[in-house]
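These notes concern the structure reproduced below.
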Amino acid sequence: MKQQKIEFYKGPAGGWGALNSVKNALLRQDIPLKGAKTLLSANQPDGFDCPGCAWPDRDHASTFEFCENGVKAVASEATARRAGPELFERHTVAELAEQSDFWLEDQGRLTHPMVYDAASDRYRPIAWDDAFSLIARHLNALPDPNQAIFYTSGRASNEAAFLYQLFVRQYGTNNFPDCSNMCHEPSGSGMRPQIGVGKGTVTLHDFERADAIFIFGQNPGTNHPRMLGELREAHKRGARIVSFNPLRERGLERFADPQDKLEMATMGSTPISTHYFQLRVGGDMAAVKGMMKHVLEREDTIGGVLDHVFIAQHTTGFEAMAQSLRAESWTLLEEESGLTEAQLRAAGDVYIGARSVIACWGMGITQHKHAVDTIQAIVSLLMMRGNIGREGAGPCPVRGHSNVQGDRTMGIWEKPPAELLNRLRDVFGFEPPRAHGVDTVEAIRLMLDGGGKVFFALGGNFAAATPDTYETWKALRRCDLTVHVTTKLNRSHVVHGREALILPCLGRTEIDMQAAGPQGVTVEDSMSMVHISMGINPPASEHLLSEPAIIARLAAATLGERSRIDWLGLVEDYSRIRDLIEQVFPDFKNFNQRVAQPGGFRLRNTASERVWATATGKANFYPPVVPLDTPSHEARARLKDSVVFTLLTTRSHDQYNTTIYGMDDRYRGVYGQRRVVFIHPEDIRQLGMKDGDWVDIQTVWSDGQERRADRFKLVAYDIPRGNLAAYYPETNPLVPLSAVAEAAGTPTSKSIPVILEPHVQAVAVAEALGAAA
Ligand SMILES: Nc1nc2c(c(=O)[nH]1)N[C@H]1C(S)=C(S)[C@@H](COP(=O)(O)OP(=O)(O)OC[C@H]3O[C@@H](n4cnc5c(=O)[nH]c(N)nc54)[C@H](O)[C@@H]3O)O[C@H]1N2
Ligand SMILES: Nc1nc2c(c(=O)[nH]1)N[C@H]1C(S)=C(S)[C@@H](COP(=O)(O)OP(=O)(O)OC[C@H]3O[C@@H](n4cnc5c(=O)[nH]c(N)nc54)[C@H](O)[C@@H]3O)O[C@H]1N2
Ligand SMILES: [Mo]
């Protein structure tokens with residue numbers, strides 16, 4: 001086993017550490033270094049879209065952009081390892097379930113469709129046709145199509161997503177929970193009523209022109225490494241970069257570009273943030289309101305600060321918002337944000353001093369009870385100086401999965417707009433269901449209540465990514481049938497329904513051969529750029545099908561004569577699917593021609609043209625309300641005698657969501673382990689413990705149910721007092737199903753009220769380990 005250690009990381013993000021880590025990632029997956037050809041094809045015009053993240057590529061047409069975590073994502077798919085039928089012959093499902101998430105994925109790519117055999121508690125190979133008939137039989141036996149649930153993870157291509165929603169709606173339900181429900185849902189829910197679009201308005205062109213970039217609750221050094229390239233350039237030309245984060249994330253501090261020969265040779269690096277505000281977890285609304293208050297006060301004293309023309313022509317609600325800002329006390333803002341009035345005013349001054357401002361945000365904003373309000377406050381802050389719909393300015397929610405934004409565009413949405421359903425009816429001649437379906441948390445409840453019978457997942461790892469882990473497992477186990485279209489073995493396959501299928505599919509990196517030849521698929525990045533992705537590697541196994549082929553064959557098997565759509569014909573040539581997409585979505589006019597251009601094309605974004613598709617026909621200011629009713633506030637009021645912490649759950653540098661690549665978190669100085677909890681040294685002292693002690697974490701919730709995650713090592717860390725940080729998915733058992741963002745339903749994975757207790761059993765273990773070290 002690799003040595004466990006905690007060692008403060010002094011270097012920049014990127015640099016030689018990143019190159020070294022890439023070499024190790026390739027070795028781990030048994031990819032010969034000549035396999036690096038695969039890596040050089042990521043994000044190239046004739047290559048595949050990197051399955052890493054949704055950050056757009058600079059000039060999709062030219063240079064290769066080095067990205068450590070992109071390499072890890074590609075290597076994990078292009079691995080030489082195989083999880084074939086022998087693996088399932090060797091192990092019962094009960095045995096597989098004993099293994100860690102890391103071990104399961106580490107078995108490699110799945111090679112054959114498999115069906116669960118209860119008698120032997122094993123997965124056995126099954127023919128594709130038999131698998132489709134089995135699913136069709138289940139689906140057609142349900143008295144109500146709303147008893148079936150169709151999950152999507154954000155890697156599915158536009159073509160796969162479009163066919164999927166079409167099939168499922170013709171089958172008869174809008175039950176489309178997706179990973180977005182756990183991710184940027186509040187960004188859409190906040191921005192749609194406010195500015196008329198649920199997506200960011202900026203492009204990379206704007207990043208080149210912004211005078212200030214505000215980054216709230218996002219860790220690009222790990223999760224969007226290519227964004228560091230933009231930030232570095234921005235810093236070099238003198239733009240201000242202002243980070244709000246309870247943790248001092250290395251990638252927000254310094255970066256060495258592995259493609260910069262000088263920087264690499266001299267061990268040099270570029271600073272990233274010019275200002276770093278280490279606010280309290282959940283303190284963003286107070287911080288943003290403080291900046292807004294300062295902006296307004298400056299307008300009152302020196303004048304010329306607000307964009308009066310923009311406010312008058314384009315907005316509503318300014319006066320009500322201004323009143324709320326004037327009435328707010330600095331004491332409350334300081335208390336709730338954890339920042340001083342002077343800091344908030346300084347941040348406000350950076351905002352005022354910049355002609356054009358971009359505001360980015362990630363999971364540190366969306367996974368809170370008041371996420372929607374906070375996002376609206378960030379957008380209101382931008383609107384005060386007209387920082388939207390002009391060059392160098394605008395909101396920029398930074399999406400996660402590489403096509404999560406495209407999947408929503410294609411209609412993977414449990415609350416479809418009537419307009420979409422009308423188009424489906426007109427184009428395909430069937431009446432789609434109108435009732436809203438279930439989101440991710442509602443889907444778990446539906447299964448728990450026995451109302452969800454068939455669970456089908458297009459990618460992802462539902463059993464590990466979702467909150468309240470053991471409740472979710474109970475829910476999945478109550479199903480008659482669970483089906484996973486997937487590339488690798490994961491937790492969701494071993495926590496299964498009475499009957500279960502694993503359907504292995506092609507990954508992005510692989511050649512997708514259909515009747516008309518090799519096919520490309522399309523994806524939409526975080527900045528609404530749509531482009532094509534072509535695999536270049538031979539498939540991991542000859543038995544794999546593409547996602548579109550799986551959906552088409554399932555649709556044909558399930559709907560039979562009921563559907564007039566030529567499902568099998570569509571997947572012979574994916575340009576036929578794109579022709580249908582164009583018929584349903586006017587923004588995709590001439591889809592096939594436009595996407596054939598190198599770099600693809602940008603979808604229309606009305607807010608970026610200052611056209612407001614809102615109920616008022618304007619962009620709306622809302623009065624920001626600093627939340628005092630979060631579960632942490634309530635828990636602290638209730639448990640006066642214990643120390644209640646607010647726990648945030650986050651990603652390490654060596655993971656992709658539930659896929660664990662390795663046990664290190666280099667930039668946070670953690671090696672060889674994941675069960676750690678970051679805590680302020682004073683808080684450790686107050687608990688009467690010491691750095692390195694083992695603790696159990698327990699959620700403070702009012703439903704009487706015990707939620708705990710045991711045996712985590714305390715790591716003294718630069719984090720505000722009263723806050724804790726630990727990795728997901730290990731901490732998901734702590735997130736109650738009922739802890740969701742208002743008006744978005746997103747699990748509040750960044751703010752869970754918890755208490756810590758010494759882990760009694762582990763004391764002995766810790767001492768033994770200590771003695772050994
Ligand atoms: N390598 C890699 N890349 C990825 C992923 C991955 O797992 N690995 N996941 C992909 C996906 S699906 C997504 S959604 C994105 C996620 O990318 P991010 O949005 O960066 O997600 P996290 O790492 O969960 O947390 C983000 C940051 O929020 C901070 N934070 C926590 N609570 C608060 C708060 O209350 N306020 C503020 N201001 N900050 C807070 C944390 O300290 C952390 O730095 O990345 C995508 N890219
Ligand atoms: N506590 C806590 N919970 C969280 C979060 C958090 O920050 N904290 N973050 C949330 C967020 S932002 C998200 S997006 C979700 C992620 O939730 P999901 O999207 O469901 O999870 P992933 O871990 O990304 O899914 C990984 C699996 O996808 C499969 N896969 C990989 N590539 C492909 C492919 O090309 N096709 C198919 N069909 N399958 C493929 C592999 O089998 C792999 O095991 O988790 C959420 N859960
Ligand atoms: Mo995400």
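Bear in mind that the values in this text are calculations on the coordinates, not laboratory data. Please read these numbers as outputs of a predicted model, since none were measured by experiment. All Cβ positions, glycine included, derive from the backbone under ideal geometry; neighbour counts span all protein chains shown.
Roughly what would the spin-label model give for GLU95 and ASN422, points 7 Å off Cα along C-beta, in nm?
In this crude label model, GLU95 to ASN422 measures out at 5.9 nm.
State log₁₀ I(q)/I(0) for the range 631-767 at q = 0.17 Å⁻¹ as given by the Debye formula over alpha-carbon point scatterers of equal weight, solvent excluded.
Normalising to I(0) and taking log10 leaves -0.94.
How would you rank 175-187, 90-102, highest first, on the average number of other Cβ atoms within 10 Å across their residues?
With the highest mean Cβ count within 10 Å placed first, the list reads 175-187, 90-102.
Between the alpha-carbon centers of the range 201-230 and the range 406-434, tell me the distance in whole angstrom.
Here the answer is 33 Å between Cα centres.
With runs of 4+ DSSP H residues as the only contributors, calculate the mean residue ellipticity of the chain at 222 nm using -39,500 (n - 2.57) per run, divided by the residue total and rounded to the nearest 500.
Per the formula, -10500 deg cm²/dmol.
Given the range 631-767, what percent of its DSSP beta bridges are antiparallel, to the nearest 5?
70 percent
Binning every alpha carbon pair distance of the range 185-401 at 10 Å from zero, what are the percents per bin?
8, 35, 38, 14, 3, 0
How fast does the range 238-289 diffuse by Stokes-Einstein, in µm²/s, taking the Kirkwood radius from C-alpha pairs at 25 °C and 0.890 mPa s?
Stokes-Einstein gives a translational diffusion coefficient of 196 µm²/s.
Please report, in whole Å, how far the alpha carbons of the chain spread along each principal axis, starting with the longest.
73, 68, 57
Give me a comma-separated list of calculated 3J(HN,Hα) values for the range 248-260, in order, Karplus coefficients 6.51, -1.76, 1.60 applied at θ = phi - 60°, integers in Hz, x for any Gly or Pro.
Karplus-based 3J(HN,Hα) across the range 248-260 equals 8, 7, 4, x, 8, 9, 9, 9, 10, 7, x, 8, 9 Hz.
Which cross-chain or sequence-distant (5 or more) residues have an amide H under 5 Å from the amide H of ASP178, H modelled 1.01 Å from N in plane?
Residues meeting the criterion, in which the H sits 1.01 Å from N, are THR152, THR440.
Can you tell which of ASN69, GLY411, MET447 lies farthest toward the positive end of the dipole of the chain, using +1 and -1 charges on the Cβ of basic and acidic side chains (Lys, Arg; Asp, Glu)?
ASN69
Going through the cross-link list LYS23/LYS261; LYS474/LYS640; LYS199/LYS369; LYS289/LYS750; LYS369/LYS488, which pairs have a Cα-Cα distance over 22 Å in this structure?
LYS474/LYS640; LYS369/LYS488
Grab the alpha carbons of the range 301-408, take their convex hull, and tell me the volume per residue in Å³.
Hull volume normalised by residue count: 148 Å³.
Give, to the nearest whole percent, the P(r) tail of the range 142-195 beyond 14 angstrom, counting all Cα pairs.
62 percent
Give, rounded to the nearest 20 debye, the magnitude of the charge dipole that the range 500-589 has about its Cα centre when Lys and Arg contribute +1 at Cβ and Asp and Glu contribute -1 at Cβ.
Using Cβ point charges on Lys, Arg, Asp and Glu, the range 500-589 gives about 180 debye.
How big is Rg to Rh over the range 192-298, alpha-carbon atoms, Rh as the Kirkwood inverse-mean-distance radius?
Dividing the radius of gyration by the Kirkwood radius yields 1.01.
Determine, from the Cβ-Cβ distance of THR274 and ASP587 and an R0 of 35 Å, the FRET efficiency 1/(1 + (r/R0)^6), rounded to the nearest 0.05.
So the FRET efficiency works out to roughly 0.40.
Using the Karplus equation 6.51 cos²θ - 1.76 cosθ + 1.60 (θ = phi - 60°), what ³J(HN,Hα) coupling, rounded to whole Hz, does each residue of the range 477-482 give in order, writing x for Gly and Pro?
5, 7, 6, 6, 8, 10
Which value, in nm² and rounded to one decimal, describes the direction-averaged projected area of the C-alpha convex hull of the range 530-675?
18.4 nm²
Just rank TYR656, TYR470, TYR123, TYR9, fewest to most, by other beta-carbon atoms within 10 angstrom.
By the 10 Å Cβ count, ascending, the order reads TYR470, TYR9, TYR656, TYR123.
Work out how far the C-alpha atoms of the range 339-484 reach from end to end along every principal axis, then list the three figures in whole Å, largest first.
Projected onto the principal axes, the Cα atoms of the range 339-484 cover 60, 43, 25 Å.
Kirkwood Rh, the range 447-515, all Cα pairs: how many Å?
Computed over Cα pairs of the range 447-515, the Kirkwood hydrodynamic radius comes out at 12.7 Å.
Placing +1 at every Lys and Arg Cβ and -1 at every Asp and Glu Cβ, with all other atoms neutral, what dipole size does the chain have around its Cα centre, in debye to the nearest 20?
600 debye
Under a cut-off of 13 Å between alpha-carbon atoms, report the aspartates and glutamates in cross-link reach of LYS5, not counting same-chain residues fewer than 8 places apart.
Cα-Cα hits under 13 Å: ASP664, ASP665, ASP691.
For a protection proxy built on the mean count of beta-carbon atoms within 10 angstrom, sort 201-210, 254-263 highest first, please.
201-210, 254-263
Taking 0.36 nm per intervening residue step and subtracting the Cα-Cα distance, what contour gain separates THR301 from GLU542 on full extension?
Full-extension gain reported as 79.6 nm.
Under a 5 Å amide H to amide H cut-off, with H placed in plane at 1.01 Å, what residues pair with ASP307 once short-range neighbours are removed?
It is ARG385, GLY386, by chain and number.
In nanometres, what is the gap between the two model label sites at ARG355 and GLN686, each 7 Å from Cα along Cα-to-Cβ?
It is 4.7 nm.
Using modelled amide H (1.01 Å from N, peptide plane; none on Pro or chain starts), what sits under 5 Å from the amide H of LEU647, excluding residues fewer than 5 places away?
Hits under the 5 Å cutoff: LEU724, ILE752, VAL754.
Points 7 angstrom from Cα along the Cβ direction at ARG594 and ASP30: gap in nanometres?
Rounded to a tenth, the inter-label distance reads 4.5 nm.
What is the magnitude of the charge dipole of the range 631-767 about its Cα centre, with +1 placed on the Cβ of each Lys and Arg, -1 on the Cβ of each Asp and Glu, and no other charges, expressed in debye to the nearest 20?
The calculated dipole for the range 631-767 is roughly 160 debye.
At a Förster distance of 45 Å, what's the computed FRET efficiency of ARG445 paired with ALA265, Cβ-Cβ distance as r, to 0.05?
So, using R0 = 45 Å, E works out to roughly 0.20.
Projecting each Cα onto the charge dipole of the chain (Lys/Arg +1, Asp/Glu -1 at the beta carbon, about the Cα centre), which of LEU421, VAL309, SER324 comes out farthest on the positive side?
Checking the options against the dipole of the chain, the answer is VAL309.
Among SER541, SER563, ILE511, whose Cα projects farthest towards the positive end of the dipole of the range 490-564, with charges put on the beta-carbon of Lys, Arg (+1) and Asp, Glu (-1)?
Working it through, the farthest residue towards the positive pole turns out to be SER563.
Contour minus end-to-end for ALA127 and LEU19, with contour as 0.36 nm per residue of separation and end-to-end as the Cα-Cα distance?
34.6 nm
Report the gain in length on full extension from LYS10 to SER642: 0.36 nm times residue separation, minus Cα-Cα distance, nm rounded to one decimal.
Roughly 224.0 nm would be gained on extension.
Whole-Hz ³J(HN,Hα) for each residue in the range 298-309, computed from phi via Karplus 6.51 cos²θ - 1.76 cosθ + 1.60 with θ = phi - 60°, x for glycine and proline: what do you get?
Ordered by residue, 3J(HN,Hα) equals 5, 4, 5, 8, 9, x, x, 9, 7, 8, 5, 5 Hz.
Return the Cα extents of the range 499-549 along principal axes one, two and three, sorted largest first, each rounded to a whole Å.
Projected onto the principal axes, the Cα atoms of the range 499-549 cover 39, 30, 18 Å.
Test of understanding: express the Cα radius of gyration of the range 486-608 as a ratio to 2.2 N^0.38 Å, with N the residue count.
After normalising by residue count via 2.2 N^0.38 Å, the value is 1.22.
By average Cβ neighbour count within 10 Å, what is the ranking of 615-621, 504-510, 327-333, 155-161 from highest down?
155-161, 504-510, 615-621, 327-333
Would you mind checking the radius of gyration and Dmax of the range 198-253 based on alpha-carbon positions, in Å?
Cα-based Rg and Dmax for the range 198-253 come out at 11.1, 31 Å.
Find how many whole Å separate the alpha carbon centroid of the range 163-193 from the alpha carbon centroid of the range 485-561.
19 Å
Output the Kirkwood hydrodynamic radius of the range 39-153, Cα pairs only, in Å rounded to one decimal.
For the range 39-153, inverting the mean 1/r across all distinct Cα pairs yields 17.7 Å.
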